[in-house]
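Here is the structure we will look at.
The values are calculated or read from the model by the stated rules, or taken from the named source; none is laboratory data. Note that the structure is predicted; figures quoted are calculated from it, not measured. No Cβ is skipped: glycine too gets one built from the backbone with ideal geometry, and neighbour counts run over all protein chains shown.
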């Protein structure tokens with residue numbers, strides 16, 4: 001039952017002890033950043049209080065730091081199904097890592113070369129490639145999405161690809177309207193054309209367990225703070241790319257991958273907390289046997305069952321309200337449990353503030369998915385209201401959100 005699962009999850013989150021308007025907070029703001037369980041915060045605190053040091057020193061806390069970083073790479077390799085922990089790069093956030101990678105890739109490209117981005121993506125997977133292309137005199141093509149099905153136009157992709165295509169940048173899921181894209185298909189098409197594929201899995205990773213081997217991409221990035229962790233970015237890249245490319249770094253820094261991609265002293269406490277995040281997710285697996293990857297897969301199956309049941313309830317409730325329109329695939333379509341919607345006559349900002357006063361937290365705006373809102377004709381009216389279902393969301397939370405939207409719509 002959904003509420004039994006959410007109760008098990010919520011027990012690890014101290015924030016549910018807070019009250020607004022006399023009730024626990026209903027957190028639907030997960031697409032902008034999830035809540036954090038006690039175990040993750042304790043891992044960060046433990047590192048800072050008991051192991052804090054820089055790396056590669058000849059003393060205990062430095063050696064402990066090295067071991068913690070190794071453990072975190074191993075945990076994230078299991079999370080991503082990466083062939084090697086040495087393919088896992090940590091950084092400030094996905095956006096910063098993508099800018100760094102785009103600069104390194106751009107060293108080898110120039111006029112006549114082409115890159116493809118999509119109309120469905122967050123700007124973090126558009127702007128770095130556009131700016132790099134501008135610097136290098138390259139051409140940028142945009143793959144559109146269908147505003148009726150909310151899916152990428154894969155037939156159009158075939159027409160955009162050419163022998164001059166150097167990279168296709170695509171999101172695994174839309175952070176604005178929840179569409180899950182067929183990134184394995186995109187990666188295969190890019191590879192057949194002789195290009196690389198970069199996947200933004202920031203919105204995907206909280207809802208579906210990434211698998212870089214199944215996708216067949218060359219690079220994939222995600223953010224731990226979207227899946228119950230600290231503010232930290234993760235980049236996966238194939239070994240041959242991480243070793244061949246020349247990142248921007250200071251000369252004394254290591255020339256070995258992945259360290260050559262990690263500029264300066266890293267956020268060690270955040271990396272320690274990221275390992276704890278992966279292990280916490282695995283602890284929610286109904287069956288605790290097998291490898292870390294096996295337990296993660298089992299936990300995500302439980303996540304999916306919970307989220308889909310509650311999203312069906314949310315979708316049905318919202319779509320039954322006159323004057324409310326939910327954008328994105330249907331409740332049973334290829335989507336995450338994220339609703340981007342509008343209320344006739346009520347601005348998204350006003351709606352989010354009113355719901356927030358009742359202890360129901362949602363986001364509003366374009367969420368940096370500017371081209372999505374432009375395509376849907378929502379840029380001039382404040383964008384969307386966005387509500388995301390997470391494992392800690394309960395049936396009561398969903399009902400409170402639907403009831404609040406009904407009142408705002410005048411129902």
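I'm checking my understanding of the structure. Among residues of segment 107-118 that are over 15 Å from residue 170 (Cα atoms) and in contact with a helix residue (DSSP H, G or I) (Cβ under 6 Å, 6 or more places away or on another chain), which one is surrounded by the fewest Cβ atoms within 10 Å (Cβ to Cβ)? Give the derivation first.
Within segment 107-118, the first condition is being over 15 Å from residue 170 (Cα atoms), and the residues that meet it are 107-113.
Narrowing further to those that are in contact with a helix residue (DSSP H, G or I) (Cβ under 6 Å, 6 or more places away or on another chain): 109-110.
Working: 109: 20, 110: 12.
In this case the residue turns out to be 110.
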What residue, of 148, 134, is without any contact (Cβ under 8 Å) to a residue 12 or more places away in the chain and closer than 30 Å to residue 326 by Cα?
148
How about segment 1-106: which helices (runs of 4 or more DSSP H) wholly inside it have at least 2 residues that are touching a strand residue (DSSP E or B) at 6+ places or on another chain (Cβ under 9 Å) and surrounded by fewer than 23 Cβ atoms within 10 Å (Cβ to Cβ)?
60-80, 94-106
Per the filter on segment 263-284, residues farther than 22 Å from residue 210 by Cα and in a loop (DSSP other than H, G, I, E, B) are 263, 264, 265, 266, 267
Among the residues of segment 257-283, which ones are over 15 Å from residue 55 (Cα atoms) and more than 20 Å from the chain's Cα centre (by Cα)?
257, 261, 283
Confirm whether residue 287 is at pLDDT below 95 and either in a strand (DSSP E or B) or touching a helix residue (DSSP H, G or I) at 6+ places or on another chain (Cβ under 7 Å) (or both).
yes
Looking only at segment 322-355, count how many residues are crowded, with 18+ Cβ neighbours inside 10 Å and either touching a strand residue (DSSP E or B) at 6+ places or on another chain (Cβ under 8 Å) or without any contact (Cβ under 8 Å) to a residue 12 or more places away in the chain (or both).
18
